[in-house]
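Visitor: Here's a structure for you.
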Amino acid sequence: MHERLDQWEFVWAALVIVVIGTVVMVGWSLIAMVHAERRRDAVRRK
Amino acid sequence: MHGFANPARFLRIARWLLPVLLVPGLVLSFGAIAWGVAFAPPDHLMGVTVKILFIHVPCVWLGMAGWSTIAVSSVVELVWRHPLAGIAARAAAVPGAVFTALGLITGSIWGRPTWGTWWVWDGRLTSFLVLLFLYFGYIALADAAQRDAAGGGSAGRIPAIFGLVGAINIPIINRSVVWWNSLHQPPSITMGRSAIDGTYLYPLLIGALGFSLVFGAVVVARMRMLLAQIQTEARLRRKALG
């Protein structure tokens, strides 16, 4: 039996996963950085 | 090198370095992927799935580069006691693990239509999966060591030693397709030459550069985060001790 796969589905799946993964990693890192620096500045002001 | 050991000097550099790395990195990486997906011709054997090359290869390279960063930083921390080296190693762990996971996922997606299987326990895939587990172990060790250091302990060197020992996996991953029979293809890009046509090679290299800049930006952001956490804990400890 010859299995016919739509190759573009695999290409789009890989693309979406990497784009989302990269954006989430960058966003998470930036948010964590801003949160930590704000907390440090707040502790310094006290 | 110790001229950059001052956290205040590093933070002054990091403030402008972060956007300088991040913006061109995102433009180059997503632009190269878009170019490759839209304009690179299908391969005569793999068809359009060859376009996953522009996504999978940079992720794998950065997964390995992340652990290499940890290993080099660990050497600097252990030998020269550079105060920012341990922080750099910890900062590289999460993006390295993320790119390793993305490399495994995209490789599996590429393998299904190309090899007829999502996974095979050959040398390349298995050693790369081991790398992901090594990252998890390093992240857990580094977190535990930081908590121990905050409490006055001396476990700070253990993550660095783990980072050095784990580095043995990098040449194993690199040579696995040469040493063992594997479904994975042999190396196409080696020192000084490439077996890949220019229509694939140039977007691949531009995409790899873009993702590398993004990796650098995330490392800088996480170093700033870790430094801020350490400075906060130190100040709270000084206040608690009066």
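Visitor: If the requirement is being crowded, with 23+ Cβ neighbours inside 10 Å and facing chain A (nearest Cβ under 9 Å), which of these qualifies: B:ILE70, B:ILE55?
Guide: After ruling out the rest, the residue left standing is B:ILE55.
Visitor: If you take the residues of segment B:127-167 that are in contact (Cβ under 8 Å) with a residue 40 or more places away in the chain and polar (S, T, N, Q), which of them is farthest from B:ALA101 (Cα to Cα)?
Guide: So, considering only residues that are in contact (Cβ under 8 Å) with a residue 40 or more places away in the chain and polar (S, T, N, Q), the one farthest from B:ALA101 (Cα to Cα) is B:GLN146.
Visitor: Mind checking which residues of segment B:109-143 are out of contact with any Ser or Thr (no Cβ under 7 Å at 6 or more places or on another chain), within 30 Å of B:ASN6 (Cα to Cα) and either within 14 Å of chain A (Cβ to nearest Cβ) or surrounded by fewer than 17 Cβ atoms within 10 Å (Cβ to Cβ) (or both)?
Guide: Answer for segment B:109-143, where residues must be out of contact with any Ser or Thr (no Cβ under 7 Å at 6 or more places or on another chain), within 30 Å of B:ASN6 (Cα to Cα) and either within 14 Å of chain A (Cβ to nearest Cβ) or surrounded by fewer than 17 Cβ atoms within 10 Å (Cβ to Cβ) (or both): B:PHE136, B:GLY137, B:ILE139, B:ALA140, B:ASP143.
Visitor: Among the acidic types (Asp, Glu) and in contact with a helix residue (DSSP H, G or I) (Cβ under 7 Å, 6 or more places away or on another chain): which single residue out of A:GLU37, A:GLU9 fits that description?
Guide: Exactly one residue qualifies, and that residue is A:GLU37.
Visitor: Any idea which residue in segment B:78-100 is modelled with the highest pLDDT, counting only those that are away from chain A (no Cβ under 14 Å) and crowded, with 24+ Cβ neighbours inside 10 Å?
Guide: B:ALA89
Visitor: Answer yes or no: is there a residue in segment A:25-38 that is free of Cβ contacts under 8 Å to residues at least 12 places away in the same chain, facing chain B (nearest Cβ under 9 Å) and basic (Lys, Arg).
Guide: Yes - at least one qualifying residue is present in segment A:25-38.
Visitor: Does B:ALA85 satisfy the criteria of being more than 24 Å from B:LEU205 (Cβ to Cβ) and either free of Cβ contacts under 8 Å to residues at least 12 places away in the same chain or among the hydrophobic types (A, V, I, L, M, F, W, C) (or both)?
Guide: yes
Visitor: With B:THR49, B:THR106 as the choices, which residue is touching a strand residue (DSSP E or B) at 6+ places or on another chain (Cβ under 9 Å) and facing chain A (nearest Cβ under 9 Å)?
Guide: Going through B:THR49, B:THR106 in turn, just one is touching a strand residue (DSSP E or B) at 6+ places or on another chain (Cβ under 9 Å) and facing chain A (nearest Cβ under 9 Å): B:THR49.
Visitor: Please go through segment A:1-42 and pick out each residue that is within 19 Å of the chain's Cα centre (by Cα), of a type in the set (Phe, Trp, Tyr) and more than 30 Å from B:ARG235 (Cβ to Cβ).
Guide: A:TRP12
Visitor: Out of segment B:103-126, which residues are without any contact (Cβ under 8 Å) to a residue 40 or more places away in the chain and among the aliphatic types (A, V, I, L, M)?
Guide: Across segment B:103-126, the qualifying residues are B:LEU104, B:ILE105.
Visitor: Tell me whether segment A:1-11 contains one or more residues that are basic (Lys, Arg) and farther than 25 Å from B:ALA14 by Cβ.
Guide: Checking segment A:1-11: at least one residue is basic (Lys, Arg) and farther than 25 Å from B:ALA14 by Cβ.
Visitor: A further question follows. How many residues are under 30 Å from A:ALA13 (Cα atoms) and outside any helix (DSSP H, G or I) if we restrict to segment B:100-157?
Guide: Counting residues in segment B:100-157 that are under 30 Å from A:ALA13 (Cα atoms) and outside any helix (DSSP H, G or I) gives 7.
Visitor: When B:TRP80 is evaluated against the numbered criteria (1) of a type in the set (Phe, Trp, Tyr); (2) within 30 Å of A:PHE10 (Cα to Cα); (3) in contact (Cβ under 8 Å) with a residue 60 or more places away in the chain, which criterion, by number, is the only one it fails?
Guide: Among (1) of a type in the set (Phe, Trp, Tyr); (2) within 30 Å of A:PHE10 (Cα to Cα); (3) in contact (Cβ under 8 Å) with a residue 60 or more places away in the chain, the lone unmet condition for B:TRP80 is (2).
Visitor: Tell me, yes or no, whether segment B:187-196 has at least one residue that is polar (S, T, N, Q), modelled with pLDDT under 95 and more than 20 Å from B:PHE54 (Cα to Cα).
Guide: No: zero hits.
Visitor: Report the residue count in segment B:43-74 for those that are outside any helix (DSSP H, G or I), over 19 Å from B:ARG112 (Cβ atoms) and either of a type in the set (Phe, Trp, Tyr) or in contact (Cβ under 8 Å) with a residue 60 or more places away in the chain (or both).
Guide: 0
The values are calculated or read from the model by the stated rules, or taken from the named source; none is laboratory data. Everything quoted here is computed from the prediction, not taken from an experiment. Because the Cβ atoms are built from the backbone with ideal geometry, glycine has one as well, and the counts that use them run over all protein chains shown.
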